[in-house]
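S.K.: Can you keep this structure in mind? I'll have questions shortly.
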Amino acid sequence: MIYLTRDTHREFERIEKFCADAMTTKDDVLVILGDAGINFFGEPDDRELKEQLQESPVTLLCIHGNREQRPESIDTYEETEWNGGIVYWEPEFPNLLFAKDGEFYELEGRRCIAIGGAYSIDKFHRIAGVSWWPDEQPSEEIIARVETRLKAEKWKMDAVFSHTCPYKYIPREAFLPNIRQHTVDTSTEEWLDSIEDRLDYSIWYCGHYHMYKLMAKCGFFTKII
């Protein structure tokens, strides 16, 4: 089975309960739609969490969020092929997988593309390189790779896994009242909007806004696919 969930932010109690209730195994895949929080503090704290998660009866596929370090910038990670696409992993934690932006994964007969990243509205209250990383949003290289690969697929894909959502689907009711929205960088959402306009797809899953909602073909919620 393939499952999806929103951000976990290093808190996996509900995931553990879900796995116990659903009687999952490591053959099942749980997609975390960004901000898993597994790569955050560095050693030894991250290792302790990884050792705990390695014992969980499920395989995690983590989309990149905006409150975690990119695995490609961490020396211990390697690239490996998984379900038709490239993921980052550490061999000692084989059920903890991190999607590479722009890669396609075959899940239950469906082709799914990973597009991570978003802007942190609280970046000015965090420490660069410690609790905030300047590469949180897609780079020009990532943008080019995503568009080139989708163009080669004639802009057809079964599902999209992203952290934030296309601009047109931003759930404004989820905005924090103390944030001046004109200061928020929405360039990633605007780019995803341009992707969504061109893409022939069935469903788009995203996290980031900590809510459950379905708008047109864009869902902010936990769902079996």
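The values are calculated or read from the model by the stated rules, or taken from the named source; none is laboratory data. Just so we're clear, the structure is a prediction, and the values are computed from it rather than from any experiment. Note: ideal-geometry Cβ built from the backbone for every residue, glycine included; neighbour counts use all protein chains shown. Note: areas computed on protein heavy atoms with side chains; ligands, DNA, RNA excluded. Shrake-Rupley method; radii C 1.70, N 1.55, O 1.52, S 1.80 Å.
S.K.: Using beta carbons and a limit of 9 Å, which pairs, at least six apart or on different chains, have the first residue in segment 139-157 and touching a residue at least 12 places away in the same chain (Cβ under 8 Å) and the second one open to solvent by less than 90 Å² (accessible area, probe 1.4 Å) and among the polar types (S, T, N, Q)?
M.R.: As it stands, the answer is 147/194; 157/202, since those pairs meet every condition given.
S.K.: Given the criterion charged (D, E, K, R) and open to solvent by less than 80 Å² (accessible area, probe 1.4 Å), identify the matching residue among 14, 47. Please lay out each step first, then the result.
M.R.: Details: 14 fails: open to solvent by less than 80 Å² (accessible area, probe 1.4 Å).
Result: 47 is the single residue among 14, 47 that is charged (D, E, K, R) and open to solvent by less than 80 Å² (accessible area, probe 1.4 Å).
S.K.: Quick one: how many residues across segment 71-102 are open to solvent by less than 20 Å² (accessible area, probe 1.4 Å) and out of contact with any Pro (no Cβ under 7 Å at 6 or more places or on another chain)?
M.R.: So the count comes out to 10.
S.K.: Here's something else I'd like to know. Residue check: is residue 72 in a helix (DSSP H, G or I) and touching a strand residue (DSSP E or B) at 6+ places or on another chain (Cβ under 9 Å)? I'd like the intermediate steps shown before the answer.
M.R.: Numbers: in a helix (DSSP H, G or I): yes; touching a strand residue (DSSP E or B) at 6+ places or on another chain (Cβ under 9 Å): yes.
It is true that residue 72 is in a helix (DSSP H, G or I) and touching a strand residue (DSSP E or B) at 6+ places or on another chain (Cβ under 9 Å).
S.K.: Please list, ordered by first then second residue, the pairs with beta carbon atoms under 7 Å, 6 or more apart or interchain, first in segment 71-94 and within 21 Å of residue 49 (Cα to Cα), second among the acidic types (Asp, Glu) and surrounded by 15 or more Cβ atoms within 10 Å (Cβ to Cβ).
M.R.: Note: pairs meeting the criteria are 76/90; 77/90.
S.K.: Scanning segment 17-44 for residues that are on the phi > 0 side of the Ramachandran plot and either surrounded by fewer than 19 Cβ atoms within 10 Å (Cβ to Cβ) or not in a loop (DSSP other than H, G, I, E, B) (or both), which turns out nearest to the chain's Cα centre (by Cα)?
M.R.: Filtering first and then ranking leaves 42.
S.K.: Okay, next question. Which of the numbered conditions does residue 38 fail, given that it passes all the others? Conditions: (1) within 24 Å of residue 214 (Cβ to Cβ); (2) in contact (Cβ under 8 Å) with a residue 40 or more places away in the chain.
M.R.: For residue 38, the failing item is (1).
S.K.: Would you check which residues across segment 146-166 are under 17 Å from the mean Cα position of the chain (by Cα) and open to solvent by 40 Å² or more (accessible area, probe 1.4 Å) and list them?
M.R.: Once the filter is applied, which keeps residues that are under 17 Å from the mean Cα position of the chain (by Cα) and open to solvent by 40 Å² or more (accessible area, probe 1.4 Å), segment 146-166 yields only 158.
S.K.: Can you pull out the residues in segment 52-69 that are open to solvent by less than 60 Å² (accessible area, probe 1.4 Å) and either part of a helix (DSSP H, G or I) or without any contact (Cβ under 8 Å) to a residue 24 or more places away in the chain (or both)? Break it down stepwise before answering.
M.R.: Keep residues of segment 52-69 that are open to solvent by less than 60 Å² (accessible area, probe 1.4 Å), which gives 53-54, 56-66, 68-69.
Across segment 52-69, the qualifying residues are 53, 54.
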